[in-house]
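First comes the structure, then the notes that go with it.
The values are calculated or read from the model by the stated rules, or taken from the named source; none is laboratory data. Remember, predicted model here, so these are calculated numbers, not experimental data. Don't worry about glycine lacking a Cβ; one is built from the backbone with ideal geometry, like all the others, and counts go over all protein chains shown. These accessible areas exclude ligands, DNA and RNA; they are computed on the full protein's heavy atoms, side chains included. Shrake-Rupley method; radii C 1.70, N 1.55, O 1.52, S 1.80 Å.
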Amino acid sequence: MGLSNKTKTNQTRKLQWFPIVNTIVLLFVAILCIFPLIHIIAVSFSASSAAAAGYVKLWPVDFTLASYEYTASRGEFWQSMWVSIKRLGIGTPLNLLLTILVAYPLSKESHALRFRLIYAWAFFLTMLFNGGLIPWYVTLKEYGLLNSIWALVLPGAVPVFSIILLLNFFREVPKELEEAALIDGAGQWTTLWKIYVPISKPALATLALFAMVEHWNSWFDGLILMGNPSNYPLQSYIQTIVIQQNLSNVSRDELLALAQISDRTLKASQIFLGSLPIIMAYPFLQKYFVKGIVLGSVKG
């Protein structure tokens, strides 16, 4: 009996220590994740000599706005920013709309939607297999979408992973709500927009965040599908500057100004400005994030 009480006491102590250890570990991981961003910000606000010499760690050295002034003077930067904003403004609502319209019928039982399993597998298989880069490019070319904003929006307009999350969320909505709406004379369309969508705000906010991050961070499709650099989204433009270092369109005056700026500070300023909109939007959606993922996840 005494041994049993001692074992229970040890288990209780372990349970008491777990939240403390867990908090410390997660705090350490969070610090590791945020350090690179702090370093990028510090470099972007530092003098070119200090950044080039590697003196900048987590705080700016010889504070200056020269890199941001140069970036702000580049018309190409703001043009690419506008393209990304348009892509975000068109792509995110389109993703949510099509996700809702596909997930709702797929969340029904097989007797309510004939061939439901076939439809579900047809969508799921697109996550595992695709036609490849060349057929993808040729298809968009044949439809006349190249060098337009629609080439950046339409290929990923139906995000299958988001559909899977949302249809599982819809399945958890009490059936009594739908039955009551149908008894009152509401159709499927009214039930979807008056019952399911308002209840699903946490999941939809999560999916909106996924779509925003996906659209904002995409750069490869812009390089492939946009023949004119003036149509590049922001991340594609930054890739040409940071990775390819394409300065063919830079004037003589801009080259002189660029000579006064460290390559590291310029890259850091553009990387920070490119990530700033998502950083600003995330706190407004974060409160829905965990709840949306948990409620929309697959249950055993």
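In segment 69-82, which residues are surrounded by fewer than 18 Cβ atoms within 10 Å (Cβ to Cβ) and among the aromatic types (Phe, Trp, Tyr)? Trp78, Trp82, listed by residue number.
Per this entry, Trp219 is counted among residues that are in contact with a Pro (Cβ under 9 Å, 6 or more places away or on another chain) and open to solvent by 60 Å² or more (accessible area, probe 1.4 Å). There is at least one residue in segment 142-149 that is assigned to a helix (DSSP H, G or I) and not polar (S, T, N, Q). Residues in segment 180-193 that are in a helix (DSSP H, G or I), open to solvent by 70 Å² or more (accessible area, probe 1.4 Å) and more than 13 Å from Lys108 (Cβ to Cβ): Ile183, Trp189, Trp193.
Residue-by-condition table, conditions (1) modelled with pLDDT under 85; (2) more than 25 Å from Val213 (Cβ to Cβ); (3) among the hydroxyl-bearing types (Ser, Thr, Tyr):
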position: Ala47; (1), (2), (3): yes, yes, no
position: Val83; (1), (2), (3): no, no, no
position: Leu88; (1), (2), (3): no, no, no
position: Val102; (1), (2), (3): no, no, no
position: Lys108; (1), (2), (3): no, yes, no
position: Ile118; (1), (2), (3): no, yes, no
position: Trp121; (1), (2), (3): no, yes, no
position: Thr126; (1), (2), (3): no, no, yes
position: Leu133; (1), (2), (3): no, no, no
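Restricting Pro198, Pro202, Pro155 to residues that are part of a helix (DSSP H, G or I), modelled with pLDDT under 85 and more than 15 Å from Leu101 (Cβ to Cβ) narrows the list to Pro202. Whenever a residue of segment 230-245 is at pLDDT below 80, its partners that are of a type in the set (S, T, N, Q) and not in a loop (DSSP other than H, G, I, E, B), lying with C-beta atoms within less than 8 angstrom and at least six residues away or across chains, give the pairs Ile241/Gln270; Val242/Gln270. Only helices (runs of 4 or more DSSP H) whose full extent lies in segment 37-111 are considered here, and the ones with at least 3 residues that are without any contact (Cβ under 8 Å) to a residue 12 or more places away in the chain are 75-106.
Out of Ser148, Ser110, one residue alone is open to solvent by 40 Å² or more (accessible area, probe 1.4 Å) and either touching a Gly at 6+ places or on another chain (Cβ under 7 Å) or among the hydroxyl-bearing types (Ser, Thr, Tyr) (or both). It is Ser110. If the condition is being surrounded by fewer than 16 Cβ atoms within 10 Å (Cβ to Cβ) and either closer than 19 Å to Asn231 by Cα or small (Gly, Ala, Ser) (or both), then segment 116-136 contributes Ala122, Gly131, Gly132. Of the residues making up segment 168-179, just one is aliphatic (A, V, I, L, M) and open to solvent by less than 20 Å² (accessible area, probe 1.4 Å), namely Val173.
Which one of Ser80, Ser67, Ser107, Ser84 is farther than 21 Å from Val160 by Cα, over 21 Å from the mean Cα position of the chain (by Cα) and hydroxyl-bearing (Ser, Thr, Tyr)?
Going through Ser80, Ser67, Ser107, Ser84 in turn, just one is farther than 21 Å from Val160 by Cα, over 21 Å from the mean Cα position of the chain (by Cα) and hydroxyl-bearing (Ser, Thr, Tyr): Ser67.
The residue list Tyr196, Tyr143 contains one member that is crowded, with 17+ Cβ neighbours inside 10 Å, of a type outside the set (D, E, K, R) and more than 20 Å from the chain's Cα centre (by Cα), which is Tyr196.
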